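A quick write-up on the structure given underneath.
Just so it is clear, none of the values below were taken in a lab; they were calculated from the coordinates. None of these values were measured; they are calculated from a predicted model. Cβ: placed from backbone, ideal geometry, glycine included. Neighbour counts: every protein chain shown.
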Amino acid sequence: MASGNEQLTQAPPRDSAVMLAALGMLAYAASMMTHEALGHGGYCLAAGGHNVMLTAWWETCNFPSVPPLGIKAAGPGVQFIAGLLAWLVLHLLSPDLTRLRCFFWLYMVFNLFDSSGYVAFSGFTNFGDAAEIIAKLQPPMVWRGGLILVGSVVYYLSMRLAAFELKRFAGLDDGMGRLFRFVWIPYVSAGVFACCLGAVTQTMAYGVGLAVASPAMNQTMRHGAALGLAAVSSFGAGSGMFGIPEMQRAMVLRTSSPTVYVNWNATWGVVAAVLIVGFLVFIGPGLK
């Protein structure tokens with residue numbers, strides 16, 4: 001009888017908030033490196049250039065001649081393709097690999113949201129890779145409007161894809177705001193991590209209290225740029241995550257998926273901690 005009462009009073013299963021936060025930070029960091037290192041940095045090397053400086057939001061390349069315009073498109077382009085590849089990987093992974101599937105879902109979300117949101121952001125602000133690509137095209141307002149339209153449409157479609165995959169992966173809501181926790185914890189952790197990283201980058205760039213300021217980074221990062229880009233690429237680009245739970249509830253799956261939870265795992269926790277600290281120590285100050 002006692003055991004029956006214990007079962008009745010046992011707390012319902014929940015996702016580990018610490019694990020979700022760690023996966024959110026890892027997915028965000030991987031997404032930024034996909035944009036900067038693989039996209040801009042990879043194009044730089046392929047086009048015969050030399051990478052001078054790499055941060056989470058900026059890559060500086062020296063070319064022997066005039067820089068090709070393609071390097072501007074390489075960052076968001078590779079990032080968007082990586083998001084689609086992550087979507088394909090989600091369909092190949094075993095259902096038992098819960099944490100790995102959660103990482104790839106978040107990696108897909110950050111890649112698709114950041115790359116499409118960046119295009120729309122460039123149209124609104126006339127700043128960024130897409131804005132530089134259309135800088136000489138006429139009439140400018142028409143082209144900027146095109147960026148806003150394309151970026152917004154792709155962002156919305158990315159939200160639909162993310163919502164569908166979350167339903168297929170995590171199942172239905174448990175009535176206690178489970179899906180909201182599933183998106184806001186990684187969102188907030190990625191944003192806080194990004195801003196901490198931006199503070200490190202900004203400090204190293206301008207030598208606030210330090211004697212090791214990098215001239216190359218001073219030329220790369222304008223004052224306040226690192227913190228601004230950190231906030232926009234995390235809190236700004238990822239804001240669509242809050243619309244996913246409601247969007248997901250309206251979707252119908254052809255086959256039912258069992259509800260799975262992202263539990264804490266010590267190995268994952270240690271690996272995540274090492275990678276996050278390493279990112280702050282090496283990428284934060286700028287990798288030359």
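Key figures
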item	result
Proxy reagent accessibility, fewest Cβ within 10 Å first, across TRP264, TRP87	TRP264, TRP87
Cα principal axis extents for region 20-283, largest first, Å	56, 47, 30
Stokes-Einstein translational diffusion, region 38-190 - Kirkwood Rh over all Cα pairs, 0.890 mPa s, 25 °C, in µm²/s	142 µm²/s
Mean Cβ neighbour count within 10 Å, used as a protection proxy, ranking 47-57, 61-71 highest first	47-57, 61-71
Amide H contacts under 5 Å for SER16, placed H, 5+ residues apart	VAL262, ASN263, TRP264
Amide proton proximity set for VAL52, modelled H, under 5 Å, gap of 5+	THR60, CYS61, ASN62
Summed side-chain charge close to GLN79 - residues other than GLN79 whose Cβ falls under 15 Å, Lys, Arg +1, Asp, Glu -1	-3
Backbone HN-Hα couplings from phi across region 137-152 [Karplus 6.51/-1.76/1.60, Hz, Gly and Pro as x]	8, 10, x, x, 5, 5, 5, 5, x, x, 4, 4, 5, 4, x, 5
Note, ³J(HN,Hα) from phi for region 100-107, Karplus 6.51, -1.76, 1.60, rounded to Hz, x at Gly and Pro	5, 5, 5, 4, 5, 5, 5, 4
